[in-house]
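Peer 1: This is the structure, below, for whatever I ask next.
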Amino acid sequence: MVRINRITLRGFKSFADKVSIPFPTGFNVIAGPNGSGKSNIVDAIMFVLGVSSAKMIRANKLQTLIFNGGKDRKPASYAEVSLYLDNKDGQIPLKEEEIKITRKVNRKGTSVYKINGKNVTKRKFVDILANANLYADGYNIIVQGDVTRVIEMNTQERKGIIDDICGIAEFDEKKKKAMQELEHIETRVREMLIIVNEKERLKRKLEEEKRNAEKYLQLEKKLEKLKASLVKKKLENAQDEWNTISAQIKNLENEFTRLNEKFSSVDKEVENVEKQIQKLQSEIIKKTKDFSTSKKIDELGVSILRKRDKIELNKREIERIEKFLGEVPKNRAVKQIAELKKDGVYGTFSSIISTKKEYETAIQTAIRGHESDIIVDSTNLAIELVKFLKREKIGQARFLPLDRIKGKKKIDLPEELKKIGIGFAIDLLSYDPKYKNIVEYVLGNTFIVKTIEDAKHIIKKIRIKIVTLDGDVIEPSGAIRGGYNIIKGGKISIRKTEEEKKKLAEENKRLKEEIKSLTKKMENLKKLKKKEFKGTSELEEKISKLEKCIKERKNSRKDLFEKRMEFQRKISELKIKRAKKEAILDNLKIEKNEFKHIKKFYNEPVDELRNKIRAIISEINKIGPVNLRAIEEYKIADVEFGELKLKLDKLLDEKGAILKTAEEIESKRKGRFMETLKKIEKNFSVIYKDLTGGEGVLKLEERENIDSGLVIEAIPKGKSLVNIDLMSGGEKAITALAFLFAIQQYKSAPFYVLDEVDASLDKANTKKINNLIKKYSKNMQFIVITHNETTLAVADKLFGVSMQDGVSKILAIKMPEK
């Protein structure tokens with residue numbers, strides 16, 4: 001079983017210096033005068049086990065646990081307690097045979113938890129200790145006042161201890177939730193009953209209204225059929241009159257059509273001649289407007305001259321740039337890849353970075369071998385370009401895919417070494433953040449210094465690639481490359497000039513294309529100009545002849561027009577008459593359309609149909625106001641009533657299910673409580689007998705009611721049954737301790753800590769407690785705080801605590817052989 005090997009304290013309460021106390025198995029006693037700090041050791045054990053509330057260890061807040069200074073002693077900056085636990089049986093799931101748990105708190109009140117020297121979260125810390133039944137608030141630690149609290153508790157408070165131990169809180173929560181659900185369901189049942197009763201009353205009322213509505217609808221249906229029959233008869237009479245007028249109109253329209261066709265033929269001839277005249281006039285106008293061609297030719301010439309001047313200017317600028325650049329070597333494969341202009345190719349490594357002029361030589365040296373590396377967006381694109389270079393037999397190139405390259409993080413240099421150099425290479429560059437991994441990959445751990453002497457001081461302390469401003473290099477392996485450096489600037493400084501040259505060349509290409517296009521337009525305009533200003537007299541003669549012809553056609557059209565107008569007048573008079581009939585027909589058709597759903601009619605004269613309609617209307621008026629919606633409302637109400645009834649039945653079923661669940665929860669809750677109480681009662685009976693020779697009894701105030709209070713009674717040897725509240729002071733203390741020991745035995749722990757539990761006991765009762773501890777200490781570890789001489793005499797190991805200038809000191813006392 002797990003036990004405490006030793007405890008160390010530093011800066012905790014009165015223990016200013018580091019103190020280590022070894023605790024062997026058995027009966028360990030810590031003694032000392034009042035105020036010497038012996039109870040602080042109990043507080044330290046609870047602290048290191050993870051107690052959350054400072055008040056539980058006699059402090060207002062965690063910061064007050066730190067040693068606050070004394071005579072000629074400064075306050076400590078932190079308090080730290082470590083507990084060394086024997087784990088040979090592997091009860092704590094860690095491989096070490098001895099487990100060191102540590103808790104440290106600083107002046108800010110921040111706690112740090114460690115297991116075997118490694119920081120862990122409080123949750124993990126507590127969970128690991130739980131494997132050995134170790135808790136800061138466990139019942140295996142009885143502090144000052146615990147015995148008195150048990151004595152002063154009422155029966156409900158004592159029963160609460162059993163509740164806590166057996167863990168019925170989970171059932172209480174479930175039962176509470178079930179009761180809340182039950183209350184909610186009962187509320188809904190009451191509400192539903194109100195709604196169902198109201199819906200039933202409404203249903204009876206709508207049933208009466210439904211009968212009146214159905215009678216009304218029957219009369220309305222008959223009335224509608226009579227009205228439809230009347231409209232049908234009137235429509236048939238009007239249709240006969242309309243047919244007679246339409247026949248007269250048709251005869252007149254046939255004659256009008258013949259005259260109209262003749263009129264249209266003449267009218268078309270006039271229109272054709274007018275179009276011929278218009279066309280000839282347009283040709284004359286067009287010939288007189290072509291003088292603008294010369295102006296367009298002049299404008300094109302000026303534009304061509306300007307563009308040629310711009311090309312010559314650009315050529316001179318390109319020659320100047322080429323002279324400045326000199327012969328710059330180019331990697332053929334890299335050049336070919338760039339000319340592909342493929343999406344996802346971002347250029348060479350040297351093209352994506354820039355730096356200040358003073359660092360250019362160092363940077364160019366640092367990236368040597370990588371300056372022509374091609375940046376691409378993916379591994380797939382890199383493979384595709386490699387295949388292209390192989391297929392075209394162009395050469396080789398190195399590709400850096402953004403989705404594959406991982407950057408190298410900078411080494412954390414000590415501050416004194418950083419001050420010697422200028423800085424890491426990547427911190428001296430400007431680049432797009434999306435290339436961060438690429439830049440870190442090439443230059444991640446490259447450090448720039450001024451001189452090789454500076455580099456020498458750094459390389460003695462740490463292995464890192466170092467480059468000087470002159471281009472000397474010291475590799476992490478220790479290899480050194482240096483001397484006279486012919487690289488001054490390089491691609492980083494000429495890149496912008498190359499881009500400018502490329503833009504000028506592209507502009508010249510575009511200007512040449514524009515000149516070619518303008519020249520072709522100017523040649524076409526010159527050819528057109530030769531055909532301008534030929535005579536127009538022939539066209540004017542043709543127009544004169546056509547005008548005479550059109551005059552004759554217009555006279556003939558006038559005669560035909562007058563005859564046609566006479567026929568139109570007669571036709572119009574008849575159409576007006578027919579239109580009136582059509583209006584009557586349209587109205588009747590609209591009326592009939594309202595009855596299109598009626599398929600059968602009464603075949604009676606108009607006057608008889610009118611008389612029957614008046615009779616039906618009179619009968620409808622006798623019924624009075626009618627709620628036509630009652631029929632549908634009744635159906636809806638009937639359905640809703642049925643649905644509500646089903647919902648009510650369902651709610652009642654749910655209520656029954658919840659009640660059953662609550663009963664099952666209560667049964668499990670009671671079972672667990674009674675099982676726990678039975679075991680603790682058995683422990684109490686045995687322990688009380690060991691202590692006093694009497695009988696101890698634990699029982700509920702109401703035998704089967706686990707919500708009633710817990711009664712502690714005993715029959716001291718030679719006395720009658722008495723409740724703990726009626727015992728003498730000593731008997732109360734012994735009985736309360738027996739109760740606490742019974743709880744401890746139920747929740748077995750690796751060790752037990754008792755803080756001055758014998759303070760209120762006389763010598764006889766103290767011996768009883770000591771004998772009990774002595775008996776159990778054969779298999780368990782006890783740590784007892786006391787200043788009782790009787791207890792000191794029976795201890796297996798005794799530690800003395802004294803106070804010197806406000807600081808607690810520990811003294812181990814060797815006990816005589818027994």
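Peer 1: Once you've got the Cα coordinates, tell me which of K279/K542; K747/K768; K315/K503; K233/K575 are over 18 Å apart.
Peer 2: K747/K768; K233/K575
Peer 1: Turning to a different aspect of this structure: Per residue, how much accessible area does region 140-240 show when a 1.4 Å probe rolls over the protein heavy atoms, in square angstrom?
Peer 2: 59 Å²
Peer 1: To continue, here is another question. What is the distance in Å between the Cα centres of region 736-798 and region 103-169?
Peer 2: Taking the Cα centre of region 103-169 as reference, the centre of region 736-798 is 20 Å away.
Peer 1: Sort region 35-159 into rounded, prolate or oblate with this rule: let a ≥ b ≥ c be the square roots of the eigenvalues of the Cα gyration tensor; rounded if a/c is under 1.5, and if a/c is not under 1.5, prolate when a/b is larger than b/c, oblate otherwise.
Peer 2: oblate
Peer 1: What dipole magnitude, in Debye to the nearest 20, does the chain give about its Cα centre under +1 on Lys/Arg Cβ and -1 on Asp/Glu Cβ?
Peer 2: It works out to roughly 4280 debye.
Peer 1: In the chain, what % of DSSP beta bridges are antiparallel (nearest 5)?
Peer 2: 70 percent
Peer 1: Of K104/K679; K174/K647; K296/K548, which sit over 32 Å apart, Cα to Cα?
Peer 2: Listed pairs above 32 Å: K104/K679; K296/K548.
Peer 1: Which percent of the accessible heavy-atom area of the chain goes to carbon and sulfur, probe 1.4 angstrom?
Peer 2: 50 percent
Peer 1: Using only Cα atoms, locate the centre of region 417-477 and the centre of region 598-676, then give the distance between them in Å, rounded to an integer.
Peer 2: Centre-to-centre distance over Cα atoms comes out at 87 Å.
Peer 1: What angle, in degrees between 0 and 90 and rounded to the nearest 10, separates the Cα long axis of helix 292-325 from the longest principal axis of the Cα atoms of the chain?
Peer 2: Around 30 degrees separate the two axes.
Peer 1: May I ask for the angle, rounded to the nearest 10°, between helix 491-529 and the longest principal axis of the chain, with both axes built from Cα atoms and the value confined to 0 to 90°?
Peer 2: 10 degrees
Peer 1: Working from Cα positions, state the angle (0 to 90°, nearest 10) between the long axis of helix 379-392 and the longest principal axis of the chain.
Peer 2: That works out to roughly 60 degrees.
Peer 1: Compute the accessible area per residue over region 385-489, keeping the other protein chains in place, probe 1.4 Å, unit Å². It would help to have the intermediate numbers written out before the result.
Peer 2: Details: 6320 Å² over 105 residues.
Value returned for region 385-489: 60 Å² of accessible area per residue.
Peer 1: Now for a separate question. So if R0 is 30 Å, what FRET efficiency would N119 and K74 give, r being the distance between their Cβ atoms, rounded to the nearest 0.05?
Peer 2: FRET efficiency, N119 to K74: 0.65.
Peer 1: Then there's this: Could you tell me the relative contact order of the chain? Use alpha-carbon pairs under 8 Å, at least six residues apart, and round to a whole percent.
Peer 2: It comes to 25 percent, rounded to a whole number.
Peer 1: Between rounded, prolate and oblate, where does region 692-818 land on the alpha carbon gyration tensor, with a ≥ b ≥ c its root eigenvalues, rounded for a/c under 1.5, else prolate if a/b exceeds b/c? Working shown, then result.
Peer 2: Values: a/c = 2.18, a/b = 2.00, b/c = 1.09.
Here region 692-818 falls in the prolate category.
Peer 1: Let me ask something additional. So what is the 222 nm mean residue ellipticity for the chain from helices alone, if each DSSP H run of at least 4 adds -39500 (n - 2.57) and you divide by all residues, rounding to the nearest 500 deg cm²/dmol?
Peer 2: Working: 19 runs with 458 residues, N = 818.
Here the helix-only value at 222 nm equals -20000 deg cm²/dmol.
Peer 1: Using the Karplus curve 6.51 cos²θ - 1.76 cosθ + 1.60 with θ = phi - 60°, what ³J(HN,Hα) values do you get for each residue of region 589-605, in whole Hz, with x for Gly and Pro?
Peer 2: These are the phi-based 3J(HN,Hα) values: 5, 4, 4, 5, 4, 5, 10, 5, 7, 8, 9, 10, 10, 8, 9, 9, x Hz.
Peer 1: Tell me which of N272, Y776, I706 sits at the most positive position along the dipole axis of the chain, charges placed on C-beta atoms (Lys, Arg +1; Asp, Glu -1).
Peer 2: About the Cα centre, the residue reaching furthest to the positive side is N272.
Peer 1: If you restrict to DSSP beta bridges whose two residues both lie in region 733-818, what percentage is antiparallel, to the nearest 5?
Peer 2: Within region 733-818, antiparallel bridges account for around 60 percent of the total.
Peer 1: With the dipole of the chain worked out from charges on the C-beta (+1 for Lys and Arg, -1 for Asp and Glu) around the Cα centre, which of N34, L217, T519 lies farthest toward the positive end?
Peer 2: Final value for the positive-end residue is T519.
Peer 1: FRET efficiency for E514 and E283, Cβ-Cβ distance as r, R0 = 51 Å, nearest 0.05?
Peer 2: Efficiency, rounded to the nearest 0.05: 0.90.
Peer 1: Pull up the cross-link candidates among the aspartates and glutamates for K589, meaning alpha carbon to alpha carbon under 16 Å and not fewer than 8 places away within one chain.
Peer 2: By straight Cα distance, K589 reaches E224, E236, D240, E241.
Peer 1: Note down the nm distance, to one decimal, between modelled labels 7 Å out along Cα→Cβ at K679 and at S708.
Peer 2: Once both label points are built, they end up 2.5 nm from each other.
Peer 1: Kindly state, as a whole number, the per residue volume in cubic angstrom of the convex hull around the alpha carbon atoms of the chain.
Peer 2: Once divided by residue count, the hull of the chain is 440 Å³.
Peer 1: Could I ask something else about it? Sort 780-788, 561-569, 574-582 by packing, meaning the average of other beta carbons within 10 Å per residue, with the highest value first.
Peer 2: 780-788, 574-582, 561-569
Peer 1: Tell me, in nm to one decimal, what length is gained between E97 and K61 on full extension, where the rule is 0.36 nm per residue of separation less the Cα-Cα distance?
Peer 2: 9.5 nm
Peer 1: With a probe of 1.4 Å, find how much accessible area region 639-757 has per residue, and write the answer as a whole number in Å².
Peer 2: 49 Å²
The values are calculated or read from the model by the stated rules, or taken from the named source; none is laboratory data. These numbers were taken from a predicted model, which means no experiment stands behind them. Because the Cβ atoms are built from the backbone with ideal geometry, glycine has one as well, and the counts that use them run over all protein chains shown. For accessibility, only protein heavy atoms count, side chains too; no ligands or nucleic acids. Shrake-Rupley method; radii C 1.70, N 1.55, O 1.52, S 1.80 Å.
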